[in-house]
Structures are given as structure tokens and as C-alpha cells.
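Okay, structure first, notes after.
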Amino acid sequence: MWCRRLPRLFVVPHQPTRSTRTHLLCLPRARTVPAAAARWHHTAPESLKCAWQLHGDHLELRYGNTLMRFDFVWLRDHCRSASCYNAKTNQRSLDTASVDLGIKPKAVRVDETTLFLTWPDGHVTRYGLEWLVKNSYEGQKQQVMHPRILWNAEIYRQAQVPSVDCQSFLETDEGLKEFLQNFLLYGIAFVENVAPTKEDTEILAERISLIRETIYGRMWYFTSDFSRGDTAYTKLALDRHTDTTYFQEPCGIQVFHCLKHEGTGGRTLLVDGFYAAEQVLRQAPDQFELLSKVPLKHEYVENVGDCHNHMIGVGPVLNVYPWNNELYLIRYNNYDRAVINTVPYDVVHRWYAAHRTLTAELRRPENELWVKLKPGKALFIDNWRVLHGREAFTGYRQLCGCYLTRDDVLNTARLLGLQA
């Protein structure tokens, strides 16, 4: 019930099994193998735990359930010996440009845990087989960079994700870790019992990240006075969208805190964009692929008072890691999408059809989570994943908030032992 994953976007990480007695192939010691040899080498014909063969320009290695191919230059470049890699700083010492592009190993040997390569100059490179599985292209395709739980409104409500108390969030690692775990899994998280001031909201935000300075300032504070050239500064309803699509790198995390509302309406709408993308991938994979490859421009044009801005950001609606097709960023903002002049005529109509399919998923009522923000309850949103909107409202409504630097939030999570 909890875990909803995209079949290609979110793949369960590959964990090689360990047997109590592993049988691996190996040549007796460092026997020289001609590079032209193209046959599998086993310790015994019946053993399939590990086998390898040399080709003209690469080594093919089968370990457990993973078949891997390693370019010889790659194998020399990633050597972790003391002369090639500084283990104290975790930095490469080897000059990659000095490696002969035609290099081939002079000898290959494998024991129960390690691959040994002897190079023409006598240098020996050692790789743990588990390390190779984890760091090979084939291994990466089987791993998930960012584990997530995709949700619609019902899934999120049934999960009963708790808010974190402000004091626990600010003063304990346990409270902070619980908050970040919720945020990483769902793309949204709440902190309760926050003093309803801009200053206290700022202290809250700085607990997990540096605050990102933008054209809106450091901590923004607004009412419906149309003080900026943006629909957000009105009482009108806002359709679901992600913010700052017109930045070359959209802001990673957004913080909202409603300080006061004397009136009706104004509920906040939240939609998991990755959940909607999953549906598109399952129903129309060709349209998903189109949305992940066609670049678009988004722009922000403002000429109000002393504010003069014309910002342009370029990128596809769906951004994926190319090696495993895992989605990491969605740019969706129909308000700020610029003229489509980066798409040829024979593609643009298909793009509109794909955009319509994604929009239909984003607008399904069952995917809409409505939340009434109130003084004391701060909301953190993953702006690369979760779309937000607002219903129209009456009366006086005061909000404050900010944008956070994504790398700092992820770094805080990693320091607490979370996968991020």
C-alpha cells in the first residue's frame, strides 16, 4: 500500500547476494591473458557466481545476477591505489589525460572478493567485486538515486504522515531526521507550533539549509496587494504549478507559513507530480519520453514599480537520469511557459498531446491534496516534485516564506544517515 514506484523510473536497488562459500573464477595467480581471448573463465564449469572474458577494448564480468562491461581506460582511470587516489580526501590523483587510450591489461586475476589487473607498466589495480557491481553502468541502472513513496490524496492520508513539533525540529537530531525522512519520501513535510512571525520562520528554514536569495529577496512576505507582477500577489485561485521554472536551476525547496488570514477560502493545493508522471509512463510511454526530451522556455517578465526582470529558463517538462530513467525534476507552470519556439512543427502537435495527457493526470480530483494553512503550521515543499496551487480567498491573508538551496537540504539529510 505504501510503495508506489515507476517501473522504469524507480527501480529497486540491486543488492548482490552473498553465499557462505562463494566460488569465483580466477586464473592461477597473475597469468598473462591475450587481449584477443574471448571466452568465459570460470573456476569450474558449473559455477556461475563469477566469470569474465577479455575483449579487444573491454573486460566483461558476470558477478551474481549482473553482467557488466568495463572499458579498459575506465578500469585504469578508477584505480584506487595510493598513487592514483587519495583516500584521505576522496579525490583522484591520477591524471586521466595521461592514460593511454589504447591501454590493455597484461594480466587478469580474480579471487573470492577482488579483481586484479596488471597493466603494461607493472602497476596493479585492485577492485572489490561488490564495488564494481555498485559502480558499474549496469549496476547503476538497477539502483534508485532517491527512494520515494509516490502518492495521491488517499495514499497520503492513509500513510498518516505525522507533523514534527517545532521544538523537536530545532533542538533534536531525532526530530530533524524524522522531518527530513518524511520530506524525502513524500516531497512535503510539516512543522507545527511555529511562532507566526517571519523571523521565526527564517530560523526554522535555516535549520536545514542556507536560504536562497532570489529576485523576491531572502525571506519573502506578501499579501494580495499586487506589489509584484505575479498572480500569487492577488486573491485569485492559482492552478497547480512548480515555482521558478524560469530559472536555469529552479529553486529546490519552498517554505510556506501563513501568518494571518481573516476571511474565507485560500486552501493550499498539493499534487505529487511524480505520481502523475508514473501514470503517463504506464499509459503512454512514448508521450512520457517526449515530455522528457523536448526543451521549452519558461520566462518571467516583470515591470512593476522598481522591479524590472526578464528571466528565461530552458528545459523539458520531465527531467530524468539517462542511465535509469529515474525522474528527478518536473517543470510545470502554464502561467510562465514562454512562446514555444524550440520545437519543430512536426513535433509540436505531439508535444501538445503529451502535455494534455500529463495535465489530465495532474488535475484528477483523487490526486489533489487540499490543506488549510494556519498560523503556526509551516509547510516545506519539494519544488522539483510537488506542484502547489491555491483556491481563491476573501479577506486579509499574510504569508511568508523562502526558497532553500537543494544541495544543503540533501547534505543535512545525508549527515543524519538518510539516503538522499
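Quick notes
- Subset of segment 354-408 [at pLDDT 95 or above and of a type in the set (G, A, S)]: A354, A360, G376, A378, G389, G401
- The listed residue being touching a Leu at 6+ places or on another chain (Cβ under 9 Å), closer than 30 Å to M68 by Cβ and not acidic (D, E), out of N319, N333: N319
- A count restricted to segment 350-392 and to residues that are under 18 Å from D243 (Cα atoms) and of a type in the set (K, R) stands at 3.
- Near pairs, Cβ below 9 angstrom, 6+ apart or cross-chain, from segment 283-295 (surrounded by fewer than 16 Cβ atoms within 10 Å (Cβ to Cβ)) to any residue that is part of a loop (DSSP other than H, G, I, E, B) and not polar (S, T, N, Q): P285/R8; K293/P316; P295/P316; P295/V343
- Taken over segment 300-320, the criterion of being outside any strand (DSSP E or B), without any contact (Cβ under 8 Å) to a residue 60 or more places away in the chain and open to solvent by 10 Å² or more (accessible area, probe 1.4 Å) is satisfied by D306, P316.
- Count of residues meeting criterion [under 28 Å from A413 (Cβ atoms), modelled with pLDDT under 95 and open to solvent by 20 Å² or more (accessible area, probe 1.4 Å)] in segment 220-247: 1
- Close contacts from segment 321-339, counting a first residue that is open to solvent by 10 Å² or more (accessible area, probe 1.4 Å) and a second that is acidic (D, E), with Cβ to Cβ under 7 Å and a gap of 6+ residues or different chains, come to N334/D239; D336/E299; A338/E299.
The values are calculated or read from the model by the stated rules, or taken from the named source; none is laboratory data. Owing to the predicted nature of the structure, the values given are computational and were not obtained by experimental measurement. Don't worry about glycine lacking a Cβ; one is built from the backbone with ideal geometry, like all the others, and counts go over all protein chains shown. Protein only, heavy atoms only, side chains kept; ligands, DNA and RNA dropped before computing areas. Shrake-Rupley method; radii C 1.70, N 1.55, O 1.52, S 1.80 Å.
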